[in-house]
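To start, the structure itself, in structure tokens.
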Amino acid sequence: MLTKAYIPYSGYYSSPFCRWQGKMANENAIELGAKTARRWFLSRELDPTVVDYVYYGITVAQHYMFHSHNWAAGMLVDGKKNLPGLMVNQACTTSATCIHLAAVNIEVGTYETAFALMSDRCSNGPHTVWAQPLGPGGEVESENWMMDNFTDPWGGKMMVQTAENVAAEAGITRQESDAVALRRYEQYLDSLKDNRAFQKRYMFPVEVRVSRKQTIMIEEDEGITPSTVEGLAKLKPVEPNGVLTFGSQTHPADGNCGFIVTSREKARELSVDPKTEIQIMSYGFARAKKAFMAQAPVPAAQMALKNAGLTVTDMKAIKTHNPFTVNDIYMSKQMDIDVMWMNNYGSSLIYGHPQSPTAGRLIAELVEELVLLGGGYGLWAGCAAGDTGAALVLKVG
């Protein structure tokens, strides 16, 4: 269990998420993420040079990705400090892992303040050409970073097929899946009430270029698909005889987010409300059996809870990265959780997943929900590419 790592209250942000090929499609995710983070620091009247180390999460290659961590760190402080960084790639659990890496180093005293910055752009993914000297005539091999990687080369299945494997083994039905999909959409609508009051607790706008002379501010999610009982029922399964449709799975997106991770004393100094403490308590990880990706969050969550000395009944709120409804239904069955209770105010099933920042937005929402509930313990859990899962337990006091 961690005891020394804290997140200042409001020491985090997430951008809106835009469905791929939307308004963020033409921006370099590294540059956009770093510049947005710097704008956020300055809007909070915080000096970015307070940061001693940067964990930069990215999963879909952008120009200059080789230098991404140090480039992003340099842009964050505008060259006013020689700030080093580390690049992290763990698909959709990248944010949680970056936050945990920062927390561990706070725990052992490596530095006092770290910043976890995560950004990705699924839009206009790169097309890579790989040398193949022993191929026929030396013909090159090409890779589409987005489309080709919807299939796991280790498990040999598309991601949706791994979820269908879990559904078949656990006896999950189409009716259960559609019911959860509708509930998740209704929960997202709660975050839009009172002029998006909940989202405005953590969401920070992004400035993008539309031409050489014009920029626009993106303040809201783009590309949300409304759900109804009738609409979901009409959709055909993605896989023959499957339970999942395009209404019960997520979509790729673009976005970024950031978290300050520091000591308790520094968190109080940087917080908008020093009386509200956000402690990082524990981390969990797991790998499910081959081609059963949707199972992985469960053992990761169980590990994080055990490391924190807590049980699932101690949790006041639970958020998950749920690329498929099957993820939440399986977790609820295995851990005896009401599937309709978890994921209040939104989830990646509805607003999409830009890979690296996905977990970060969910964790920011988890914190804000706990604050509204008067404090308590919260659990985030999610799957990543392949059959990996990660989890994080927080305490808001």
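The values are calculated or read from the model by the stated rules, or taken from the named source; none is laboratory data. What you are looking at is a predicted structure, and each value in this text was computed from that prediction instead of being measured. Methodologically, a virtual Cβ is constructed for each residue, glycine included, from the backbone with ideal geometry; neighbour enumeration extends over all protein chains shown.
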When restricted to N149, N165, the only residue at pLDDT 95 or above, of a type outside the set (D, E) and part of a helix (DSSP H, G or I) is N165
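Name the residue that is farthest from G247 (Cα to Cα), counting only residues in segment 143-179 that are of a type in the set (D, E) and crowded, with 16+ Cβ neighbours inside 10 Å. It would help to see each step written out before you state the result.
Initial filter on segment 143-179 (of a type in the set (D, E)): 143, 148, 152, 164, 169, 176, 178.
From what's left, crowded, with 16+ Cβ neighbours inside 10 Å: 152, 164, 176, 178.
Details: D152: 22, E164: 15, E176: 13, D178: 8 Å.
Only one residue tops the list, namely D152.
Matching residues to (1) among the acidic types (D, E); (2) more than 18 Å from the chain's Cα centre (by Cα); (3) outside any helix (DSSP H, G or I):
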site	(1), (2), (3)
G231	no, yes, no
E239	yes, yes, yes
D254	yes, no, yes
A267	no, yes, no
A294	no, no, no
Expected output for segment 8-33 (first residue on the phi > 0 side of the Ramachandran plot, partner modelled with pLDDT of 95 or more, Cβ below 6 Å, 6+ apart or cross-chain) is S10/V272; Q21/S123
Those residues of segment 168-192 which are in contact (Cβ under 8 Å) with a residue 60 or more places away in the chain and in a loop (DSSP other than H, G, I, E, B) amount to I172, T173, S191
| task | Would you mind stating whether D338 is surrounded by fewer than 24 Cβ atoms within 10 Å (Cβ to Cβ) and modelled with pLDDT of 95 or more? | result | yes
Checking S119, S68 in turn, the sole residue that is part of a helix (DSSP H, G or I), of a type outside the set (A, V, I, L, M) and farther than 23 Å from A301 by Cα turns out to be S68
Restricting segment 23-51 to residues that are polar (S, T, N, Q) and not in a helix (DSSP H, G or I), the one surrounded by the most Cβ atoms within 10 Å (Cβ to Cβ) turns out to be N28
Quick count over segment 127-146, residues being over 21 Å from the mean Cα position of the chain (by Cα) and either under 24 Å from N256 (Cα atoms) or part of a loop (DSSP other than H, G, I, E, B) (or both), is 10
May I ask you to verify whether N149 is within 20 Å of T358 (Cα to Cα) and in contact (Cβ under 8 Å) with a residue 40 or more places away in the chain? yes
Within segment 326-381, of all residues that are in contact (Cβ under 8 Å) with a residue 12 or more places away in the chain, part of a helix (DSSP H, G or I) and of a type in the set (S, T, Y), the one nearest to T276 (Cα to Cα) is T358
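Kindly establish whether A296 is buried (at least 18 other Cβ atoms within 10 Å of the Cβ), among the small types (G, A, S), under 19 Å from G360 (Cα atoms) and touching a Ser or Thr at 6+ places or on another chain (Cβ under 6 Å). Walk me through it before giving the result.
Details: buried (at least 18 other Cβ atoms within 10 Å of the Cβ): yes; among the small types (G, A, S): yes; under 19 Å from G360 (Cα atoms): yes; touching a Ser or Thr at 6+ places or on another chain (Cβ under 6 Å): yes.
Judged against the criteria, A296 is a match.
Checking the conditions here, which among V108, V51, V104 is free of Cβ contacts under 8 Å to residues at least 24 places away in the same chain and more than 27 Å from G352 (Cα to Cα)?
V108
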Here the qualifying pairs (Cβ atoms under 7 Å; residues six or more apart or on different chains; first in segment 296-311 and farther than 17 Å from Q279 by Cβ; second surrounded by fewer than 18 Cβ atoms within 10 Å (Cβ to Cβ)) come out as A296/R287; V298/Q334
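Restricting the search to segment 193-229, which residues are among the hydroxyl-bearing types (S, T, Y) and in a loop (DSSP other than H, G, I, E, B)? Give the steps one after another, and end with the answer.
Step one: list which residues in segment 193-229 are among the hydroxyl-bearing types (S, T, Y), which gives 202, 211, 215, 225, 227-228.
Of everything in segment 193-229, those that are among the hydroxyl-bearing types (S, T, Y) and in a loop (DSSP other than H, G, I, E, B) turn out to be Y202, S211, T225, S227, T228.
Residue by residue, here is whether (1) modelled with pLDDT of 95 or more; (2) touching a helix residue (DSSP H, G or I) at 6+ places or on another chain (Cβ under 8 Å); (3) surrounded by 24 or more Cβ atoms within 10 Å (Cβ to Cβ); (4) of a type in the set (S, T, N, Q) holds:
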{"residue": "L366", "(1), (2), (3), (4)": "yes, no, yes, no"}
{"residue": "E369", "(1), (2), (3), (4)": "yes, no, no, no"}
{"residue": "L372", "(1), (2), (3), (4)": "yes, no, no, no"}
{"residue": "T388", "(1), (2), (3), (4)": "yes, yes, no, yes"}
{"residue": "V393", "(1), (2), (3), (4)": "yes, yes, yes, no"}
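From the list L182, L235, L192, which residue is in contact with a helix residue (DSSP H, G or I) (Cβ under 8 Å, 6 or more places away or on another chain) and more than 26 Å from M118 (Cα to Cα)?
On the way: L235 fails: in contact with a helix residue (DSSP H, G or I) (Cβ under 8 Å, 6 or more places away or on another chain); L192 fails: more than 26 Å from M118 (Cα to Cα).
Residue meeting the stated conditions: L182.
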